[in-house]
1. Show which lysines lie in cross-link reach of C:LYS860 when reach means a straight Cα distance below 18 angstrom and same-chain residues fewer than eight apart are skipped.
2. With a cap of 10 neighbouring Cβ atoms within 10 Å, and only residues DSSP puts in a loop, list the chymotrypsin sites (Phe, Trp or Tyr not before Pro) found in the range A:31-100.
3. For the pair C:SER353/C:LYS388, report the inter-label distance in nm, with labels modelled 7 Å from Cα in the Cβ direction.
4. Using amide H atoms built 1.01 Å from N in the peptide plane, name the residues 5+ places from C:SER175, or on other chains, whose amide H lies under 5 Å from its own.
5. One-quarter of the Cα convex hull surface for the range C:279-406, in nm²?
6. How long are the semi-axes of the equivalent ellipsoid of the range C:499-572, defined as square roots of 5 times the Cα gyration tensor eigenvalues? Whole Å, largest first.
7. For the residues B:HIS180, C:HIS442, what sequence is obtained by ranking on other C-beta atoms within 10 Å, fewest first?
8. Would you mind ranking C:LYS375, C:LYS669 by Cβ crowding within 10 Å, fewest neighbours first?
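Coordinate-derived values only; no laboratory data. No experiment lies behind these values; they were computed from the predicted model shown. Every residue, glycine as well, gets a Cβ built from its backbone with ideal geometry; the counts of neighbours run over all protein chains shown.
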Amino acid sequence: MKMMNCPLNGLRNISEFVHGGEVKEMPDPNSCSDKEWADYVFFSDNAISVVTEWWLHAPSGYWFIAERHTGSDEILKTYDPSVLFSERVEFSAPATEVKA
Amino acid sequence: MEEITKNIVKPETYLARSPLYRVHEAAGAHFEACASAAQVASYGDQSEPLAALIDLSVQHRFGIRGANAIAALSAAGLSVPEKPNQCLNSANGETVLRLGKTEFWVLGAMESGTCSADSSAFADCYPVYCQDSHACLLLSGEQLPDIMAKLCGVDLSESVFPKGSIAQTSVARINAIISHLPDKEGTHFVILCDSAAAEYLWACLLDAMDEFGGKAAGLNYLF
Amino acid sequence: MNDTNMRLNAPMGLLLNRNEQVEFLFEGQRYQGYAGDCIASALLANDQWLMSRSFKYHRPRGPLTMAGQDANTLVQLGGDPNALADRTAIAPNMQIEGQNYNGTLDKDRDAILGNFGRFMPVGFYYRSFFKPMGVWDKWEGYIREKAGLGKLDLNFTPEYYDKKYLFTDVMVVGSGPAGLSAALKAADGGAKVLLVEEMPLMGGALAYNRFDIEGITADRLRAELIAKVEEHDNITVMVDTVCNAWFTDNYLPLIQGKRLFKVRAKECIIASGAYEQHVVFRNNDLPGVVMCSAATRMMKLYAIKPGESSVVLTGNDDGYLTALELSDQGVNVKAVVDMREGVATPELIDALSERDITLHQGYTVYEALAEKGNKRIKGVDVRKITAKGEVGNASRIIDCDLLCMSAGYMPAYQLLCQAGAQLSYADELAEFTLSKLPEHLHIAGSVNGIHQLDSVVADGQRAAQLALNNLNLSDELPGKVSCRVKPNFDWPIFSHPKGKDFVDFDEDLQAKDIVNATRLGYRDVQLVKRFSTVGMGPSQGRHSALPTARLVANSTDRTVTETGVTTARPPFAPEKLAHIAGRIFDPYRRTPMHHRHLELGAKMIPAGNWRRPAFYGDPNKRDACIHAESVHVRNKVGLIDVSTLGGIELKGPDAAEFMNRIYTFAFLKQPVGKTRYAVYTNEHGVVIDDGVACRIAEDHFYVTATTSGVDRVYRDMTKWNTQWRLDVDILNVTSAYCAVNLAGPDARKVLEKLVTGTDLSTEGFPFLAYGEADVAGIPARLLRVGFVGELGYEIHVPSRYGEALWDLLMEAGEAFDIKPFGVETQRLLRLEKGHVIVSQDTDGMSHPGELSMNWAVNRKKPFFVGCRSVDIVMAQPQTRKLVGFALPAESKKPEEGHLVLEGDGITGNVTSCEYSPAMKKIVGLAFAGINSSEPGDNISIRVDGQIVEAEVVSLPFYDPNNARQEM
């Protein structure tokens, strides 16, 4: 069984973790086109490359980020999400009419 | 009910009960009053086992978290472990568990079963209701890392999991927090698990201990 | 029978305890052996060579390797089939049977199958029984009767198996000279070492092979290394333990007895050795034809004299040493037949001649001659090798009752190949070699193609040095190790026109079978395997892989490297399902009231990993119990344990903002002391959970979630806030709080008996109110809810008080005839009210519009998870809708999942359906096509093949004005 290094808890069996999908930037839901939104929700590049992913250490409820190569399945690094997300996110008011 | 002295008592006398009290009753355990509930004092009159499993669920504990937690603990005279996944004893016998950057659980002194405060005393912190969300089991005695290796994929041997260490991991397929108690003679692991799964984990631990001469016991095993 | 006279003297018999005799039964006859004997050695000591019959032709078979590497000696132990007789120790009164015969092992009626061999060519079954259509059905019974290995006892008693983790710095697989020296070097360097040995004793080849003419080196080196290993504090030794696989990051399962150890090793050194290979010639499977190492194992480990007169057939110098050992132990070695010419070490040739052992160089055994019934070898036909695989016509017959053979070695590559190592064939060495190991995995000794003893020891140390360097315990450069010995003979395959020249003993495959497979077009070795079944037997190609690769390469004009071997997959050796299952961990959760439910006679059902009462009473009278309970709630008062409901607490200045972003409704202005329905959609706009949000304070919400959905919702919440960075604390309080729903017209009267200081009147504590109260000393959260459609209070208390709360309510309710009700009754009651259960009445496509939940979606706020998807899907023409339908009580009752049809097309399905005692008709929810979703429309439901026409009715079915729940 594979192991992964949790930034909070250290090296653990992969069975202690829950995959949370790729880190993706959400387009502005109130101004993007339907296609942009559909791409965000449904599509993934699925390339053989390094991907940045969400992982949860289930026993401690701790979310973190892992960079993993999809070809070799090697986990290159893991780190606290505050590296990527440090500022409060606000959403703008919806446009009166959303155009596709 | 506070008046009840440390005599043999029945768990159902109290409003607060351990999720395991029926298991203890069925095995013929003797209870004593402790922290407004019935604490197992002894498990029949069997000879002293090599390793003991003791239910401390009725003993007091509380959790706090948030940006102010460290300052608040210090102000209350409680120890603050330096890093996450470490535990430290406080002067009054309470053990402080640091589970994250800003999350702390405080376990009452084992002999009295009580804490000097609870989370309501920490108004500028967020409470964690670990008294009710978690059962609290104590594993004490010989060969504890071997016992746990039958249930858990984290190496808990002394060299890599010394006194004062905490592992938040999976035990017998449920989440649990294992703390290697500091400043105590012998090896003592406190295992905190989902209170709803306490009966399940209790049975798993007893099964794992059996080959090492481990058995269920009460607080008298320690004092 | 007594065997004492047939044993060699000590120090032969390393494994035996001659002071302890053990009696056992084989084929019903009583035998004696010594403690430490395996079944095979104990039988050999009684001159019983026949132990089993072969799979296809039912040929008599005896020991081949004496090391559990072949399928020749599979026996049945009581209800346990396929035990390896040459690995399983005898035990007092053990009952052993041979396998694979019709009649008796000695007189097998199916032995005649061997005579029909030419009518059963390779691929016989595939090619013979598929035409004409249906013929397989006729043959299957007969073939199944003949096929299979051993017999299962279906009335077995389950035994206790379990698993345990082990943690180490370095694990060494194999305790031969390479493994022992690797373990010592690693341990001396400061690493914690686990040394694993498959056999009951350490030493590997040192324990049985002869490495020098005098026969002293092996014993001396073995004693020296073992003594050091045993006294080393850093080394843990496990014998009789098989490392059965390699998994990612050095996760290594070990099987020892009834326990599976899961090893986590930072570094792993594979010193698994090599398998001695057989020579392919006619009748090479007769009892009495053995590997050289099998003969030495018989002598050194078990003090068995393997025969009276022997011939040794070899392609290397090791055969010479075997001949010396046999001769020293009193076996008359009639000849050494060396397939090579002029290569042997001169000292060895001298040693043979000193003992008057005839040597034939450039010769081979062309055929082994059998006693009647093929039960034992009686001689060999020796011929000169004239070309690759060809022999001359001149024949020399030598009488013997033992033939020892060695064509060379095949590395025990399985674990390494599982780890991704590459296997390639070195033509000049006629040997497979391994390369491209992953990090933290090392190889040492004969598996690494190193055969000279001093080099093997050095190779173990070299591998350990690499491990130490990876562990940062050292930084020395590992030395280079090479080997000058070539133990493999290039082409030890001598096909015979009459066949029975076996490549694969497990599957009775002959040289021509492999060649024919390639002629039929199966050129890839993977296809050859699947067509011919070569390597599929219990020994998994340990002996057949090398000759198969050579034969396929030769007949397809490719190199052996190009041909390769088939993929090695776990497990390395057969393992029991019991080992994999171990002690089964099946977590369950119980509410604090669990034991009260049992005392009250609840029929418990699983709900996720919880157990919940379905209803109380006779489990065989489900409908009657549920109907009675539902009527009771409607008319009097009932109590249900709803502790399994999820609970999440949100606290902090941004609590309301966070709620507003997660759930579809508006929460910023939710008044303190009120509850509000909360719907959660995922980013696809699909409704995936719902609950009730209570505003405890401006900065404090308590929100429930479904039993099965809470973990997901909580994870999503924490993940979102990791990105949003709002000032809110999110806490899963599912187990911290337990809850009951006290429901029915008399609910208030019951609760008023226990609550002091809180006004519970309709005005003081109205429908949808939230409040905190003291319930007879228990601090409680009260929610006025209407899920079942009657006056009701959800009472949430810290779980330590759960059982006391239940007791207090049941006691206070006694005067009002309170009764507990189960989750099935609750489902009926909520169905009568038309309330949806997310995931029962919704599916992976249900958006709020389809569930008529538009009212619960606020689109004036800037954001909620899934808002944009909800906009997109709800802007499209709606195709279906969840509707209520009703049928007369006597109608055929639809079940969940039954289809709703419109003509031939499917428009939806039934999601819930029950007989409603309150309405006295059948009521249900179903997805209907949008054109037939209005009250008064009809929908067609297919119930067990029949169409039932149901009327769409408006919801709720019961108490449409909600007067009862708002009392």
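1. Of all the lysines, those that pass the test against C:LYS860 - Cα under 18 Å, at least 8 places apart if same chain - are A:LYS99, C:LYS669.
2. Sites meeting the loop and neighbour criteria: A:PHE43.
3. 3.3
4. Residues meeting the amide H criterion: C:GLU198, C:GLY203, C:GLY204.
5. Result: a mean projected hull area of 7.2 nm².
6. Largest first, the range C:499-572 gives 17, 15, 10 Å.
7. Taking fewest neighbouring Cβ atoms as first place, the list is B:HIS180, C:HIS442.
8. C:LYS669, C:LYS375
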